[in-house]
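Okay, so here's the structure we're looking at.
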Amino acid sequence: MCKIDDGQVLKTALTLVSIAAQVGGLVMAAVGLSNTFNDVAAQGEHFFATVLATVLGVVRRLWTDFKGLCRRLLGRPRPEVVHILGAAMKIKSAASARGIVTFGPLPDPTQDVDAFKAAVEERFNRVFKLAQDMQHDLGQETKVREQEDQKIGSDLQARLTAREEESKRATIRGLREQTLGFFFVAFGLVVQSYLDLAY
């Protein structure tokens, strides 16, 4: 009859616990990373495409630095970089509003000076009153627009604050999942190290 070695059973059990803890930790950390990315990424942005683009950017930077180091060690001059400057056009737009006031013909000053003076004075009064009315209307419209702008600004600020709080909570949730996953991985590594030292 085959006798079961207790030490071998314990080693096998600890090995399985170590593997399960490491795999579970890695899965949990990956879920946390994915959740964090999905919470803060733009709509339609893919995790692996972004990671690949980041890795490629790092590789290009390292390759450029390596080439620059080789050039310096070999004493070669730096390659000239030609910058193409694009022309910028500044477009100005001006909007103007003009009010047209029409008057009838003035009396002949050679025939009736008083009537001419009265007509000119009446026209000046009309223009002055029209200017005051327009200034009052513009002031009222400016005030209404300022109030609307303040209301819209307050609404946008409230939405931005709410969005920031939501993003913070989502990011903290993903970080907690990652931390827990790394804890399980570390626990599995500790168990594996114990097995390597004990057996």
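The values are calculated or read from the model by the stated rules, or taken from the named source; none is laboratory data. Small disclaimer: the values here were computed from a predicted structure and weren't measured. Neighbour counts are summed over all protein chains in view; Cβ atoms, including those assigned to glycine, are modelled from backbone coordinates with ideal geometry. When the accessible area is computed, the model is the full protein with side chains, heavy atoms only, and any ligands, DNA or RNA have been set aside. Shrake-Rupley method; radii C 1.70, N 1.55, O 1.52, S 1.80 Å.
Can you tell me which residues in the stretch 154-188 are in contact with a Ser or Thr (Cβ under 9 Å, 6 or more places away or on another chain) and charged (D, E, K, R)?
Selection gives Arg173, Glu177.
Being under 41 Å from the mean Cα position of the chain (by Cα), among the β-branched types (Val, Ile, Thr) and closer than 30 Å to Met28 by Cα narrows it down to one of Ile152, Ile172, so name that one.
The unique qualifying residue is Ile172.
Across the stretch 123-148, what is the total count of residues that are charged (D, E, K, R) and open to solvent by 100 Å² or more (accessible area, probe 1.4 Å)?
Residues that pass the stated criteria total 6.
Output the residue which, of all residues in the stretch 17-40 that are closer than 18 Å to Glu166 by Cβ and not aliphatic (A, V, I, L, M), is most open to solvent (accessible area, probe 1.4 Å).
Asn38
Looking at Ala186, Ala170, can you tell me which residue is modelled with pLDDT under 85 and either small (Gly, Ala, Ser) or open to solvent by 100 Å² or more (accessible area, probe 1.4 Å) (or both)? So that I can check it myself, show each step before the final result.
Values: Ala186 fails: modelled with pLDDT under 85.
One residue alone meets the criteria, Ala170.
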